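Engineer: Quick one: structure below, then a few questions.
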Amino acid sequence: MSEASRASLKQLSENIGSVFLGKPESIQFTLVTLLAEGHLLIEDVPGIGKTLLAKALAKSLDCAFHRIQFTPDLLPSDLTGTSVYHQQSSEFVFRPGPIFTNIVLADEINRATPRTQSALLEAMSDQQVSVDGKTLPLAAPFMVVATQNPFEFEGTYPLPENQMDRFAMRLRIGYPARADEKAILTQHRAGEPVDKLVPIMRKEDLIDHQMKVRQVAFEESLADYLLQIVEATRSRDDVYLGVGTRGALSFYRCTQAYAYLQGRSYVIPDDIKKLAIPVLGHRVVTKTLSKGGFREDAGDTVVREIVEQTPVPV
């Protein structure tokens with residue numbers, strides 16, 4: 001990686017960190033997902049900065065951005081768009097919905113019905129939308145940043161398995177340390193800090209970074225190590241649903257992105273270990289549900305045990 005590329009990514013991280021205080025790892029994982037051309041699910045209790053992180057990312061990029069507040073009455077056409085009859089031309093004209101942008105903030109995604117949630121599936125998988133018998137491509141780059149509250153909260157719907165699998169990574173933020181929370185209080189005296197952020201990376205530069213991530217070297221022995229971890233999720237007695245091939249591909253690409261963000265042109269075993277839980281944990285469905293209010297918390301435990309038991313290649 002060139003010094004200019006390294007500096008631009010550092011500046012992007014610092015710009016987000018100037019308003020999203022005390023959580024550098026959360027910012028790091030967000031940028032990994034962005035560089036890996038994936039989608040991010042931020043899952044945690046209300047009021048700890050899920051939406052703030054997503055808005056800070058969007059504000060820091062010179063990309064088109066739409067925020068969609070998911071509610072029980074939101075319809076699929078409210079996302080994808082709809083055809084409106086034009087009297088002068090006597091024909092229907094398609095009006096694109098907010099999904100036609102670069103960065104989509106799907107706020108409180110699990111407050112919408114499963115039917116509306118599923119409207120995102122094609123866009124997240126194939127970067128296209130099918131409406132009225134036509135397939136319309138979405139612009140590059142394209143990223144969905146979704147936030148959700150614990151599914152046991154009133155008025156929420158658990159995301160279906162196939163949609164969870166579309167998210168490259170799931171992120172948990174957690175409460176800030178007392179010193180960071182005090183700084184947040186001080187920072188908000190004069191208004192909302194995120195509104196003052198300015199874009200610091202062009203769309204073309206972001207796409208260039210994403211293309212360079214694909215060139216990060218991945219030794220064959222490490223690819224086998226990665227697949228050993230993936231395959232182990234499918235053979236445990238306490239697992240109902242293991243990680244599929246889509247999850248393995250996300251794991252591979254996110255690991256490349258993490259190495260690239262560290263300034264390396266090659267992947268090492270620690271990269272795989274670091275990303276195993278955020279990339280695979282939400283894809284593992286266990287036979288025993290957790291009691292923490294989060295969807296399949298036990299999946300993280302399964303992945304952690306597998307990583308600890310899988311021998312690292314020399």
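Engineer: Test of understanding: among Glu108, Glu122, which residue is surrounded by fewer than 22 Cβ atoms within 10 Å (Cβ to Cβ) and either farther than 26 Å from Asp297 by Cβ or not assigned by TED's automatic domain parsing to the domain that holds Ser26 (or both)? Full working, then the answer.
Structural biologist: Numbers: Glu108 fails: either farther than 26 Å from Asp297 by Cβ or not assigned by TED's automatic domain parsing to the domain that holds Ser26 (or both).
Checking each option against the conditions leaves just Glu122.
Engineer: So, in the stretch 125-140, of the ones that are surrounded by fewer than 20 Cβ atoms within 10 Å (Cβ to Cβ) and in contact with an Asp or Glu (Cβ under 7 Å, 6 or more places away or on another chain), which residue ends up farthest from Glu37 (Cα to Cα)?
Structural biologist: Once the filter is applied, the top-ranked residue is Ser130.
Engineer: Determine if the stretch 166-178 includes at least one residue that is in a helix (DSSP H, G or I) and of a type outside the set (Gly, Ala, Ser).
Structural biologist: Within the stretch 166-178, one or more residues are in a helix (DSSP H, G or I) and of a type outside the set (Gly, Ala, Ser).
Engineer: Can you work out which of the residues in the stretch 182-200 that are in a loop (DSSP other than H, G, I, E, B) and within 27 Å of the chain's Cα centre (by Cα) is nearest to Gly17 (Cα to Cα)?
Structural biologist: Among residues in the stretch 182-200 that are in a loop (DSSP other than H, G, I, E, B) and within 27 Å of the chain's Cα centre (by Cα), the one nearest to Gly17 (Cα to Cα) is Leu197.
Engineer: Report the residue count in the stretch 41-76 for those that are among the basic types (Lys, Arg), within 19 Å of Phe167 (Cα to Cα) and in contact with a Pro (Cβ under 9 Å, 6 or more places away or on another chain).
Structural biologist: 1
Engineer: Where in the stretch 8-96 are the strands (runs of 3 or more DSSP E), entirely inside, with at least 2 residues that are touching a Ser or Thr at 6+ places or on another chain (Cβ under 7 Å) and either surrounded by fewer than 14 Cβ atoms within 10 Å (Cβ to Cβ) or in the same structural domain as Ile173 (by TED's automatic domain parsing) (or both)?
Structural biologist: Output list reads 40-43, 65-69, 91-96.
Engineer: For the stretch 61-95, enumerate the residues that are at pLDDT 90 or above and closer than 27 Å to Asp208 by Cα.
Structural biologist: Leu61, His66, Arg67
The values are calculated or read from the model by the stated rules, or taken from the named source; none is laboratory data. Remember, it's a predicted structure, so these values are computed and weren't measured experimentally. Here the Cβ is made from the backbone with ideal geometry for all residues, glycine too, and neighbour counts use every protein chain on show.
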